[in-house]
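See below for the structure under consideration.
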Amino acid sequence: MNIVHTIKDLQAGLTALRAQGKTVGLVPTMGALHAGHASLVKRCVAENDVAVVSVFVNPTQFNDKNDLVKYPRTLEADCRLLEACGVTFAFAPSVEEMYPEPDTRQFSYPPLDTVMEGIFRPGHFNGVCQVVSKLFDIVKPDRAYFGEKDFQQLAIIREMVRQMNFPLEIVGCPIVREEDGLALSSRNARLSADERQQALQISKVLFESREFATTHTVAETQKFVEDAIAAAPGLRLEYFELVDGNTLQKIADWEETEYAVGCITVFCGEVRLIDNIKYKG
Ligand code: PAF
């Protein structure tokens, strides 16, 4: 595996390989890699001749500076995991390399980015689109891989690709969970042992709500989740929304859509965790 830190070095390597007709896959990450990332990376390696994984904690997508400072940075361990997965290039640029000057571009994809995370993390998706569009321009991948855990992010990136005509395929990959159900996240590393136990309730409540939903209305299912999280020690609900999985707009009736998804954000202590579950589709 080649570990490269500059756009020039990455592009030099890629140009040579592309000249041999090789296909290129990209997995954008912010590092602190876990089995969830590994599943994206393995798929990328399997489906492309050349696999590029970017490891870059993108400052423009952090609306909470404390979160940016505390975001885990584990490049050495990340590179070991990437090497073991068969990655061709680990691209770990500096902030100056990615943003030699401030990125003043504005991305806006209403109504996808005006709900949920769009409300609670103003500017977040603008920053995500800034860095992801730069990575697409730099790497020019044939395919790019994103996790369904960041459900809204995936929908917005698909829309950006559609509107900007990026000539690539976006591949969404299912959430990977711990054996007990907790969705894998780099932020889980920040949970104390007690918080880790409390956080388990998030996926447990979501799974239970899927059962509950088979015999109850959307409004009743909404209340079921809200009440269960309110009753769970150590958790504070930021939002739970039952939405159409394509438009991300709230649904009032199960019959309204073929694709219903519940998206949740919960604080466990200071750590903000997100998860989602498919009810229909
Ligand atoms: O999902 C993430 O880790 C980030 O938002 C991404 C897509 C790597 C952009 O920084």
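Details
- When the Gaussian network model of the chain links Cα atoms closer than 10 Å, the mean-square fluctuations of N165, N126, N188 top out at N165.
- Its Cα gyration tensor gives segment 27-96 an equivalent ellipsoid, and the semi-axes of that ellipsoid, as √(5λ) in whole Å with the largest first, are 23, 12, 11.
- Comparing A51, A232, W254 along the charge dipole axis of the chain, the residue lying farthest to the positive side is A51, per the Cβ-charge model.
- Test item: Cα-centred dipole of the chain, Lys/Arg +1 and Asp/Glu -1 on Cβ, debye: 660 debye
- Assuming charge only on the beta carbon of Lys and Arg (+1) and of Asp and Glu (-1), the dipole of segment 1-65 about its Cα centre is about 60 debye to the nearest 20.
- Per residue, the accessible area of segment 87-144 comes to 42 Å² when a 1.4 Å probe rolls over the protein heavy atoms.
- Helix-only CD estimate at 222 nm, as mean residue ellipticity for the chain, using -39500 (n - 2.57) per DSSP H run (n ≥ 4): -12500 deg cm²/dmol
- Separation of alpha-carbon centers, segment 197-221 and segment 28-79, rounded to whole Å: 30 Å
- Probe 1.4 Å, protein heavy atoms only - accessible area per residue of segment 174-281 in square angstrom: 49 Å²
- Averaging the sequence gap over all C-alpha pairs within less than 8 Å and six or more residues apart, then dividing by the number of residues, gives the chain a relative contact order of 17 percent.
- Solvent-accessible area of the chain (1.4 angstrom probe, protein heavy atoms only): carbon and sulfur portion equals 52 percent.
- From phi via Karplus (6.51, -1.76, 1.60), per-residue ³J(HN,Hα) for segment 110-119 in Hz, x at Gly/Pro: x, x, 5, 9, 9, 10, 6, 4, x, 7
- Loop-located GluC sites (Glu not before Pro) in segment 126-182 (DSSP state not H, G, I, E or B) with no more than 13 neighbouring Cβ atoms inside 10 Å: E179.
- A simple count of charges around F62, restricted to other residues whose Cβ falls under 15 Å of its Cβ and scoring Lys, Arg +1 and Asp, Glu -1, yields +1.
- Computed about its Cα centre, the charge dipole of segment 143-239 is approximately 340 debye, with only Lys, Arg, Asp and Glu carrying charge at their Cβ.
- Computed 3J(HN,Hα) for segment 231-240, one whole-Hz value per residue from the Karplus formula 6.51 cos²θ - 1.76 cosθ + 1.60 where θ = phi - 60°, is 7, 7, x, x, 10, 10, 6, 8, 7, 9, glycine and proline marked x.
- Cα-based Rg and Dmax for the chain, where Dmax is the largest Cα-Cα distance (Å): 19.1, 59
- Charge sum, other residues only, whose C-beta stays under 12 Å from V218's C-beta, Lys/Arg counted +1 and Asp/Glu -1: -3
- Positive-end residue, the chain charge dipole about Cα centroid, Cβ charges, pick of V161, V41, H216: V41
- Computed accessible area, M30, all protein chains, 1.4 angstrom probe, square angstrom: 40 Å²
- Only protein heavy atoms count here; on that basis, with a 1.4 Å probe, K134 has an accessible area of about 50 Å².
- Cross-link partners of K278 among lysines, defined as those whose alpha carbon lies under 26 angstrom from its own and excluding same-chain residues fewer than eight positions apart: K42, K149, K204, K223, K250.
The values are calculated or read from the model by the stated rules, or taken from the named source; none is laboratory data. All values derive from a computational prediction rather than experimental measurement. Glycine gets a Cβ as well: all are built from the backbone with ideal geometry, and neighbour counts include every protein chain shown. When the accessible area is computed, the model is the full protein with side chains, heavy atoms only, and any ligands, DNA or RNA have been set aside. Shrake-Rupley method; radii C 1.70, N 1.55, O 1.52, S 1.80 Å.
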